[in-house]
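For reference, the structure discussed in these notes is given below.
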Amino acid sequence: MWGEKLDRTELLAIILVGAILIGTPLVIYYYQVNRVIKIMNYEKEIEIAANTFENGNWFPDKIVVKKGEPIRLIIYGSDVAHSLTIPKLGIDSGIIKPGHIKVIEFIPEEEGIYEIYCGIPCGSFHSFMIGKLIVVR
Ligand SMILES: [Cu+2]
């Protein structure tokens, strides 16, 4: 065979085997990377502490998330009882006692800036306890 001229069928067979040998790992690699990216997105976790306004307010008081990306918000209650509400998105964590954690999950569907409020009167400056959820494309 060597030294002879390869005919068309042999050449095609070699190209085909080569494509399978190189292509298969590439496809598997691409699939795995995509899967990992999807899992990472799903595991998107954001931590936020609930403090009275005089103790520092929501920390952080601005959260930037991507539209359509599932979010897991981990809320720490620090000084007194609070709750986290985002009325425009219909989100309400319910009461978060000091030293406790609440976890809420949601998918922001629309771009925009949404105010984060505390739903439980938590002191003289309760109504100043405002944060922002910024949903970007
Ligand atoms: Cu509060």
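Computed from the coordinates by the stated procedures, all read-outs in this text should not be read as laboratory data. In this text the structure is predicted, and so the values were computed from the model without any measurement. Reconstructed Cβ throughout: ideal geometry from the backbone, glycine too, with neighbour counts over all protein chains shown.
Summary of computed values
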{"quantity": "Within the chain, helix-based [θ] at 222 nm, where runs of 4 or more DSSP H residues each add -39,500 (n - 2.57), nearest 500", "calculated": "-9500 deg cm²/dmol"}
{"quantity": "Chain lengthening between residue 125 and residue 12 when straightened (0.36 nm per residue, less Cα-Cα)", "calculated": "33.0 nm"}
{"quantity": "FRET efficiency, residue 55 to residue 92 (Cβ-Cβ, R0 30 Å, nearest 0.05)", "calculated": "0.85"}
{"quantity": "Kirkwood hydrodynamic radius (C-alpha pairs) into Stokes-Einstein, the chain, 20 °C and 1.002 mPa s, D in µm²/s", "calculated": "117"}
{"quantity": "The stretch 27-137: antiparallel DSSP beta bridges as a percent of all, rounded to 5", "calculated": "60"}
{"quantity": "At R0 = 41 Å, FRET efficiency that the Cβ-Cβ distance of residue 101 and residue 30 yields, to 0.05", "calculated": "0.65"}
